[in-house]
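What follows is one structure encoded as structure tokens, with my remarks underneath.
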Amino acid sequence: IGSGDGHDGHPGLTHLGNSGSGGIAGIFAEEATRESVYEALRARRVYATNGRRIYLNATLDGAAMGSPVPARDARLSVFVVGEGPIERVDVIRGPDIAHVVPGEGRLRIGFTQPLAGLRAGETVYVRVLQIDGGAAWSSPFFFR
């Protein structure tokens, strides 16, 4: 997850009144309760931003990001809403960029990408880059 070190109740700001930003954690919890948030954290249904308010959701054949999934051909579905114009969305497979979706300055992007030949031990995650330097990273999918 991403998070700043500020404790003044202003997520994404390192200090109130400071234009610098800290990270923000996005958490997909079933309910707005402490127990549900902890469960989502343990299940890795989270993503990080560098302080920008970017919405990122990625699923692999319906499994939530952060999930362990069987190593087989699969379809990655991604939906992003940027705070500013999106430069691109990268699908990262292991250490390599496997696929790039140009943002073309749009604020929203949705796509489905087939992934073939996935092997146990591999990971896949999504990175969003905005034109203004904003960024977000999904939790990886872990192939078993």
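The values are calculated or read from the model by the stated rules, or taken from the named source; none is laboratory data. Everything numeric in this text was worked out from a predicted model, so none of it was measured. All Cβ positions, glycine included, derive from the backbone under ideal geometry; neighbour counts span all protein chains shown. In case anyone asks, the SASA skips ligands and DNA or RNA and just uses the protein heavy atoms, side chains included. Shrake-Rupley method; radii C 1.70, N 1.55, O 1.52, S 1.80 Å.
Listing for the model above:
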item: Positions within segment 51-86 being open to solvent by 70 Å² or more (accessible area, probe 1.4 Å) and either in contact with a Pro (Cβ under 8 Å, 6 or more places away or on another chain) or without any contact (Cβ under 8 Å) to a residue 24 or more places away in the chain (or both), in sequence order; result: D61, D73, R75
item: Filter result for Y38 (of a type in the set (S, T, Y), under 19 Å from S3 (Cβ atoms) and part of a strand (DSSP E or B)); result: no
item: Some residue of segment 101-122 being touching a His at 6+ places or on another chain (Cβ under 8 Å) and in contact (Cβ under 8 Å) with a residue 12 or more places away in the chain; result: yes
item: Test: residue in segment 65-73 that is within 29 Å of G103 (Cα to Cα), at pLDDT 95 or above and not in a loop (DSSP other than H, G, I, E, B); result: yes
item: Count of segment 118-144 residues which are among the small types (G, A, S), open to solvent by less than 40 Å² (accessible area, probe 1.4 Å) and not in a strand (DSSP E or B); result: 2
item: G105 being over 26 Å from A40 (Cβ atoms), touching a strand residue (DSSP E or B) at 6+ places or on another chain (Cβ under 8 Å) and assigned to a loop (DSSP other than H, G, I, E, B); result: yes
item: Failed item in (1) modelled with pLDDT under 95; (2) over 16 Å from W137 (Cβ atoms), with E39 passing the rest; result: (1)
item: Residues being β-branched (V, I, T) and either closer than 14 Å to L56 by Cα or touching a helix residue (DSSP H, G or I) at 6+ places or on another chain (Cβ under 7 Å) (or both) - total across segment 113-127; result: 1
item: Check on V100, of a type in the set (A, V, I, L, M, F, W, C), at negative phi, open to solvent by less than 40 Å² (accessible area, probe 1.4 Å) and not in a loop (DSSP other than H, G, I, E, B); result: no
